[in-house]
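Below you'll find the structure, written out as structure tokens, and then a few comments.
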Amino acid sequence: MLSESPSVTGAFADDSVEATYKRVAWRIVPLLFVCYIVAYMDRVNVGFAKLQMLADLGFSDTIYGLGAGFFFLGYFLFEVPSNLLLHRFGARRWIARIMITWAVLSMATAWVTTPAAFYVIRFLLGIAEAGFFPGVILYLTYWFPSHRRGRVTAWFMAGNSISGIIGGPLSGLVMKLLAGSLGLSGWQWLFIIEAFPAIVMGIVVYMVLDDKVGDARWLRADQKALISAEIERENRAHTHGSIRSVLVSARVWLLCFILFGIVMGSYAIGFWQPTLIRLAGIEDPLTIGMLSMIPYTAALLSMLLTARHADRTRERRWHLAVPALIASVGFSVCALSGSHLYPAMTGMTLAAVGVITALPMFWALPTGFLGGAGAAAGIALINCTGNLAGFVSPSVIGWLKNQTHSLISGLFLVAAMIAVAGMAVVILIPAKVVNR
């Protein structure tokens, strides 16, 4: 139940308030959800392409890890400016621009032939996509108060799991069926085909998305007033409303570290899961893709149920810490599974459940105390700094694999990082700051 302002919402029955937010959710969340499916597929399809492209191009695991990670250097450098531009010019134009430019660059990956070209195209892809995820997180704060945002964010981020559920089999099928067509390898077709949905969705976003509540012609005036009053009241309670307050905040930098640990786990799954399945004795790309559905399906169910419970209880910290510890156990099981398929799948499922559940729970933390321009800068700063783990994770794991001829040390490193991140939440962040 909302704590409502009598002057604005007193005339609203509870069911009318719920109907208003349900209308908003059905209008914008499915669109953003589909966009995130497309974004995540374009971001991690390099993990499936790796099964063929390394042999075709003569790349080592170190080259692959660096190339996969270079995406996040571009992402890091341009994310804060991108989010500030979205806050200034509006989500509709900016998100559409992001999606179309990243689609073109993702498609161009099909024609790389040297490590340098691979590094450059991944770096440019990171620049192009910078601002998409934090932009959407910021955009949701324009429409939903914090106590409704957990479930909404989880539904948006369910695109991560769905991309794994449909992306794995699709990637395997493309690579298997189109290999050699028109003189192109299967991994090249993968980059070409999976770029087109981003172009289509970019156009749809430009045509359909509204920048703010006042632009929504599909809401009545009283419904707009209800939402605007809720958001304005919450913004007045935020403690970090300026860019300067964000940059000097120890709490913001702590959240950067926590996200770094969680994201290390996320991209360990995204970039190395196909390799782990192949090391367990599965060679066929389509079979690898089908098996990759299992962890993501379990993670989807866990994420949605956890987010619902977190919103109902208005508790955030333990709803993040427990999944993070489960993920740590999962990565440890993967490290110890050797070439045995069933233990490896069990570990990957626990890791995916933990990481993917923890991520939307994390984003309920900073949006609880960031507002205005501070929210635009703070969300982007936290996301881009945390996502440097997207560079560190594949790069370090790839280097360790080359040095030790095993993924064991890299997986244990990820397990340790995500465990420390989970415990830091409950030890160092006061409950009163985030449990709203």
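The values are calculated or read from the model by the stated rules, or taken from the named source; none is laboratory data. Small disclaimer: the values here were computed from a predicted structure and weren't measured. Neighbour counts run over all protein chains shown; Cβ positions are idealised from the backbone, glycine included.
Side notes on the structure shown:
One line per residue, one yes/no per condition, for (1) surrounded by fewer than 20 Cβ atoms within 10 Å (Cβ to Cβ); (2) touching a helix residue (DSSP H, G or I) at 6+ places or on another chain (Cβ under 8 Å); (3) without any contact (Cβ under 8 Å) to a residue 60 or more places away in the chain:
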{"position": "SER106", "(1), (2), (3)": "no, yes, no"}
{"position": "TRP111", "(1), (2), (3)": "yes, yes, no"}
{"position": "ILE127", "(1), (2), (3)": "no, yes, yes"}
{"position": "ILE137", "(1), (2), (3)": "no, yes, no"}
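- Some residue of the stretch 212-235 being out of contact with any Ser or Thr (no Cβ under 6 Å at 6 or more places or on another chain), among the aromatic types (Phe, Trp, Tyr) and within 20 Å of HIS87 (Cβ to Cβ): no
- Considering the stretch 327-353, the residues that are in contact (Cβ under 8 Å) with a residue 60 or more places away in the chain and not in a helix (DSSP H, G or I) include one that is surrounded by the fewest Cβ atoms within 10 Å (Cβ to Cβ), namely SER339.
- Some residue of the stretch 279-297 being within 12 Å of ALA352 (Cα to Cα), aliphatic (A, V, I, L, M) and without any contact (Cβ under 8 Å) to a residue 60 or more places away in the chain: yes
- Test: residue in the stretch 203-210 that is surrounded by fewer than 19 Cβ atoms within 10 Å (Cβ to Cβ), under 30 Å from PRO366 (Cα atoms) and either at pLDDT below 90 or in contact with a Gly (Cβ under 7 Å, 6 or more places away or on another chain) (or both): no
- Residue in the stretch 171-183 that is nearest to PRO295 (Cα to Cα), counting only those that are touching a helix residue (DSSP H, G or I) at 6+ places or on another chain (Cβ under 7 Å) and either at pLDDT 90 or above or hydrophobic (A, V, I, L, M, F, W, C) (or both): LEU173
- Checking each residue in the stretch 278-306 for being part of a helix (DSSP H, G or I) and either in contact with a Ser or Thr (Cβ under 7 Å, 6 or more places away or on another chain) or basic (Lys, Arg) (or both) picks out ARG278, LEU279, GLY289, ILE294, PRO295, TYR296, ALA298, ALA299, LEU300, SER302, MET303, THR306.
- From the list PHE71, PHE133, the one residue that fits, being more than 22 Å from ALA364 (Cα to Cα) and either hydroxyl-bearing (Ser, Thr, Tyr) or surrounded by 20 or more Cβ atoms within 10 Å (Cβ to Cβ) (or both), is PHE71.
Per-residue answers, yes or no, for (1) at pLDDT 85 or above; (2) within 30 Å of PHE391 (Cβ to Cβ); (3) not polar (S, T, N, Q):
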site: GLY214; (1), (2), (3): yes, no, yes
site: ASN235; (1), (2), (3): no, no, no
site: LEU247; (1), (2), (3): no, yes, yes
site: ALA280; (1), (2), (3): no, yes, yes
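- Flag for LEU190 being farther than 29 Å from PRO360 by Cβ and either in contact with a Leu (Cβ under 6 Å, 6 or more places away or on another chain) or not basic (Lys, Arg) (or both): no
Residues are listed down the side, and each one gets a yes or a no for (1) buried (at least 24 other Cβ atoms within 10 Å of the Cβ); (2) among the aliphatic types (A, V, I, L, M); (3) closer than 15 Å to LEU350 by Cβ:
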| site | (1), (2), (3) |
| --- | --- |
| SER245 | no, no, no |
| TRP253 | no, no, no |
| PHE260 | no, no, no |
| ALA280 | no, yes, no |
| LEU301 | no, yes, yes |
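- Among the residues examined, ALA39 qualifies as touching a helix residue (DSSP H, G or I) at 6+ places or on another chain (Cβ under 7 Å) and at pLDDT below 85.
- Conditions (1) in contact (Cβ under 8 Å) with a residue 40 or more places away in the chain; (2) more than 21 Å from the chain's Cα centre (by Cα): number failed by GLY47: (2)
- Conditions (1) at pLDDT below 80; (2) over 19 Å from the mean Cα position of the chain (by Cα); (3) farther than 30 Å from ARG314 by Cβ; number of the one not met by GLY371: (3)
- ILE356 vs. criteria part of a helix (DSSP H, G or I) and crowded, with 24+ Cβ neighbours inside 10 Å: yes
- Flag for PRO323 being surrounded by 20 or more Cβ atoms within 10 Å (Cβ to Cβ) and either among the acidic types (Asp, Glu) or in contact with a helix residue (DSSP H, G or I) (Cβ under 7 Å, 6 or more places away or on another chain) (or both): yes
- Filter result for PHE59 (surrounded by fewer than 23 Cβ atoms within 10 Å (Cβ to Cβ), over 16 Å from the mean Cα position of the chain (by Cα) and outside any helix (DSSP H, G or I)): yes
- Any hit, the stretch 190-198, residues being touching a Gly at 6+ places or on another chain (Cβ under 9 Å) and in contact (Cβ under 8 Å) with a residue 40 or more places away in the chain: yes
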